[in-house]
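> If you scroll down you'll find the structure; I have some questions about it.
Computed from the coordinates by the stated procedures, all read-outs in this text should not be read as laboratory data. This structure is a prediction, so every number in the text was calculated from the model and none was measured. Neighbour counts run over all protein chains shown; Cβ positions are idealised from the backbone, glycine included.
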Amino acid sequence: MLKLLVVALLLMAQVVHAQEKPNPDWLDQKYSMFIHFGLYSELGGVWKGEPVVNGYSEQIQSFAKIPKEEYMAVAKTFNPVEWNAKDIVALAKAAGMKSIVFTSKHHDGFCMYHTKYTSYNIVDATPFKRDVMKELAEECQRQGVKFAVYFSLIDWNFPGNRITPHNADAVTPEHHEFNMKQVEEIMTGYGPVSEIWFDMGSLTGEQSKELYDLVTRLQPQCMVSGRLGNDRGDFAVMADNKIPDYKIGTPWQTAASFFNETWSYRSWQERGSVDEKVNEKLLSLVRVVSRGGNYLLNIGPRGDGSVVEFEREALLKMGKWVNRYAEAIYGTKANPFDHAAAWGDVTRKGNRLYLFVEEMPENRLVELKGVLGTVEGAELLADGRKLETEQEGQVVKVRIPANVEPDCGMTVVRLRFEGDFRTVPDNVLRTFELTAKNAIPVYAYSSMDYYSSFQSVVGYVWHFEKEGQSVVPTVVYTAGNEGDEVCVEIDGEMQRVVLRGGKAVPLSVKPGDVKWEETRLFGPREECFDGESVKDLGAGQKMSGFKMGESLTIPVGEKEAVYVEHTLTSDRVRDILVSFGVADGFRVLLNGETVAMRTYVGGLERKPEVLKLHLRKGENKLLVELYNRYGKSVDYVIDPSIPQEMYALPLNPMKLYPGTIHDCRFGLAHPVNKNSDMGMRDVRIELK
């Protein structure tokens, strides 16, 4: 009985442990090494004596149009005798990197580990005969560096697959089963895996879920990349070498190469100045960390396994800088202000701010606006030299002496506060009606697949001015949000509530106030649902038989979109409510401005979207994009005859901080996917 009890307790602990995502170690690591190493490394960006200048060199099989048999034959000469896992891990540590992500298999399908599911791998197909990934995994464990893997969801070598320009093809059931087996093999045969970096392909919602569930079941702490698609995954991945100019409210990562043109080794690459590259990549690291992300910097070893000297030297120089300023990088939180300052970036840890001064002001006064707290002191982080500070109200200034020179393009300052402190924006709201338009959005990055990604909104933040000790919030919502569970947080106190049973708040709309005129259809055409403005749709065709409130099936191919344009006139400026049927990707533009953009993948409920449209007097153009991933058609329905009323649901009173400036946060209580857009652009919070 005691033995059974112990087993039960261990299983319970395992379940609790499995729920600890995002992994706090992953969130705090900030800086990691990516390694693109494979059969393509042997070619070094050259085919038959000629440099292949188009595309990434790790995809040389595609860009050079190399026949499959000829490319596979490269394995006979692939013999990376200079590969040294101990040296690679030591280099990552010296660079300040906390984990290593290794390419287990890239698009060419060649496996850099000893898989039992294909002989097309480094042990069975090459003269090297060693499992380089196992050597790296074991060395990471010995040296205390997290081990992680990259895994391509497309495989040009899998029977029946073909090479296409966009690399975002659907994955067949047979190929998906093959991927499942290989991922299970990796998750069970290579020790702890801190993250798995899925890439490319265009999976069904069920395929993404099955892979995610498999990884989480076998290694509960393993973080899964958002490039798994369908908004599955534990962290979002930006486009290659891209750094957002905004903060992201969910775990995220930027993957970067030393040179934007390639990730794997390119023998003819012009590398330039090491010092300039060091400064460039350190600045990128700081920008990523200050926006709350992790920075994954790639190296591409040669075909013989050796590290390119340029990359080694750059990493070692970066490592000296990172180790000197480690306190301002590791374990920090994102810039607490709503945007970066003109002079540079900021990170936070406890009651300290770290200022990365990249553009020194002419008067050498670094200024912070919107600080509620008392400054204790400031110093240069490199040597502890004390700096003069000034504080007046919410403005703090730090003076940098003229004899202080930048270190790799930056001057790093530690600013200390007496106890806790808060930050507020320059513009505090003096209204008691909090809406999407006056909110600070909490951004994420939604991804159906690699080419269908966009900046999503997963929450709202407001700073408002109000006197008193408490406030009573009321949530006003549309019928489309009926049944959603949301959380409202004011000054650290949170309420969760299901939007149901609110009092009706009628809009002043009568029959005949708004007239729906012409409806036209555009497309289909290829469209990456990425949030870009819709342009050059052409003339379109008039939909004479279209009826409001009735579903219409519109033929459209896979990964194509159609556009329905409605012309309507209003007797004056007014708001109306309209219900829309949704597709895999759904975007609405009113008079050229996007008013809604969402995807319905990854388990999201496919229910009608109710939008409040702010019409101008006279003619209005309403354009609806319907994006189709799979299948042969989309169903579209629009209904402006729904009840023209919103619903007001009062919450319990909530305590306010001392003083007059307060914070409010709003979002879904239990989002299905952490990066899916939450909608709710028409929800507002009224304060009394």
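> Net charge near His36, counting Lys/Arg +1 and Asp/Glu -1 over other residues with Cβ under 12 Å of its Cβ?
Combined, the nearby Lys, Arg, Asp and Glu give -2.
> If you don't mind, another one. How do the peptides 546-556, 68-78 rank, highest first, by the average count of neighbouring beta carbon atoms within 10 Å per residue?
Sorting 546-556, 68-78 by mean packing, highest first, produces 68-78, 546-556.
> Right, next: Which of the three applies to segment 21-328, rounded, prolate or oblate, going by the alpha-carbon gyration tensor with a ≥ b ≥ c and a/c under 1.5 meaning rounded?
Because its axes are fairly even, with a/c under 1.5, segment 21-328 counts as rounded.
> Indicate the gyration tensor shape class of segment 478-532 (rounded, prolate or oblate), computed on the Cα atoms with a ≥ b ≥ c the square roots of the eigenvalues: a/c under 1.5 is rounded; otherwise a/b larger than b/c is prolate and the rest oblate.
The shape class here is oblate.
> Compute the signed sum of charges (Lys and Arg +1, Asp and Glu -1) over the other residues within less than 9 Å, Cβ to Cβ, of Pro220.
So the surrounding residues net to +1.
> Which of the listed residues, Ile35, Thr77, Gln253, is farthest toward the dipole's positive end in segment 21-328, when Lys, Arg count +1 and Asp, Glu count -1 at the beta-carbon?
It is Gln253, whose Cα lies furthest towards the positive end.
> Find how many whole Å separate the alpha carbon centroid of segment 293-314 from the alpha carbon centroid of segment 418-450.
38
> Explain nothing, just the number: relative contact order of segment 422-511, from Cα pairs under 8 Å at least 6 residues apart, as a whole percent.
20
> If you don't mind, there's one more thing I want to ask. Arrange the peptides 374-386, 476-488, 254-266 so that the one whose residues have, on average, the most other Cβ atoms within 10 Å appears first.
So the peptides 374-386, 476-488, 254-266, ranked by packing, come out 254-266, 476-488, 374-386.
> By how many nm would the segment from Arg572 to Val672 lengthen if fully extended, with 0.36 nm per residue of separation less the alpha-carbon distance?
32.1 nm
> Amide H neighbours of Leu372 under 5 Å, at least 5 residues apart or on other chains, H built in the peptide plane: list them.
Sorted by chain and number, the residues that satisfy this are Arg422, Thr423, Val424.
> Just want to confirm a number: the relative contact order over the chain, from Cα pairs under 8 angstrom separated by 6+ residues, in percent.
Once divided by the residue count of the chain, the mean separation gives 13 percent.
> Helix-derived [θ] at 222 nm for the chain: sum -39500 (n - 2.57) over DSSP H runs of at least 4, divide by residue count, nearest 500?
-5500 deg cm²/dmol, from helical runs alone.
> Another question, if that's okay. By count of other Cβ within 10 Å, fewest leading, how are Ser57, Ser579, Ser544 ordered?
If I rank by nearby Cβ atoms, fewest first, I get Ser544, Ser579, Ser57.
> Let me ask you something else. Just to be sure I understand the model, the point goes 7 Å from the Cα along the line to the Cβ. What's the resulting Glu517 to Ala342 distance in nm?
4.6
> Follow-up. Given R₀ = 51 Å, what would the calculated FRET efficiency be for Leu507 paired with Val53, taking r from the Cβ atoms and rounding to 0.05?
Taking R0 as 51 Å, the efficiency between Leu507 and Val53 is 0.30.
> Follow-up. Which value, in debye to the nearest 20, describes the size of the charge dipole of segment 221-357 about its Cα centre when Lys and Arg Cβ atoms bear +1, Asp and Glu Cβ atoms bear -1, and nothing else is charged?
In total the dipole reaches around 440 debye.
> For segment 347-453, give the magnitude of the charge dipole about the Cα centre (Cβ charges: +1 Lys/Arg, -1 Asp/Glu; no others), in debye to the nearest 20.
So the dipole magnitude of segment 347-453 works out to roughly 300 debye.
> I need the shape label for segment 512-656. Rule: rounded when a/c is under 1.5, else prolate if a/b > b/c, else oblate, with a, b, c from the alpha carbon gyration tensor.
Oblate, because a/c is 1.5 or more while a/b does not exceed b/c.
> Quick one: Asp155, Asp213, fewest Cβ neighbours within 10 Å first, how do they rank?
With the sparsest Cβ surroundings first, the list reads Asp213, Asp155.
> Another question, if that's okay. Summing Lys, Arg as +1 and Asp, Glu as -1, what charge do residues with Cβ under 14 Å from the Cβ of Pro511 carry, Pro511 excluded?
Charge balance near Pro511 sits at +1.
> Here is a follow-up. Listed highest first by mean packing, meaning other Cβ atoms within 10 Å per residue, what order do 203-211, 581-589 come in?
581-589, 203-211
> Let me ask something else about it. Which residues in segment 663-688 have a backbone N closer than 18 Å to a point placed 7 Å from the Cα of Tyr246 along the Cα-to-Cβ line?
Hits in segment 663-688 for Tyr246 at 18 Å: 665-668, 674-683.
> OK, next. Find how many whole Å separate the alpha carbon centroid of segment 517-580 from the alpha carbon centroid of segment 131-209.
So the two Cα centres are separated by 39 Å.
> Shifting gears a bit: Along each principal axis of its Cα atoms, how long is segment 148-212 end to end? Whole angstroms, biggest number first, please.
Over segment 148-212, Cα extents along the principal axes are 34, 21, 18 Å.
> Which one, His463, Ala402, Tyr477, is farthest towards the positive end of the dipole of segment 387-544 when Lys and Arg carry +1 and Asp and Glu -1 on their Cβ?
Tyr477
> In addition: Take the Cα atoms of segment 344-423, build their convex hull, and give its volume per residue in Å³.
88
> Is there a pair in Lys116/Lys209; Lys181/Lys209; Lys30/Lys134; Lys320/Lys386 whose C-alpha atoms are over 18 Å apart, and which pairs would that be?
Exceeds cut-off: Lys116/Lys209; Lys30/Lys134; Lys320/Lys386.
> Given R₀ = 25 Å, what would the calculated FRET efficiency be for Ala402 paired with Arg324, taking r from the Cβ atoms and rounding to 0.05?
0.70
> What do you get when you divide the Cα radius of gyration of the chain by 2.2 N^0.38 Å, with N the number of residues?
It is 1.04.
> How fast does segment 201-299 diffuse by Stokes-Einstein, in µm²/s, taking the Kirkwood radius from C-alpha pairs at 25 °C and 0.890 mPa s?
For these conditions, the coefficient is 160 µm²/s.
> Compute the length gained on full extension between Asn351 and Met180: take 0.36 nm times their separation in residues and subtract their Cα-Cα distance, giving the result in nm to one decimal.
Difference between extended and current length: 57.0 nm.
> Same structure again: Once the dipole of the chain is set up with Lys and Arg at +1 and Asp and Glu at -1 on Cβ about the Cα centre, which of Trp47, Ala92, Leu381 lies farthest towards its positive end?
Working it through, the farthest residue towards the positive pole turns out to be Leu381.
> Another one. Describe numerically, in nm with one decimal, the distance between label points set 7 Å from Cα along Cα→Cβ at Ala648 and at Asp213.
Between Ala648 and Asp213, the simple spin-label model gives 4.5 nm.
> Now a separate question. Could you work out the relative contact order of segment 251-391, using alpha carbon pairs under 8 angstrom and six or more residues apart, expressed as a whole percent?
The normalised contact order for segment 251-391 reaches 19 percent.
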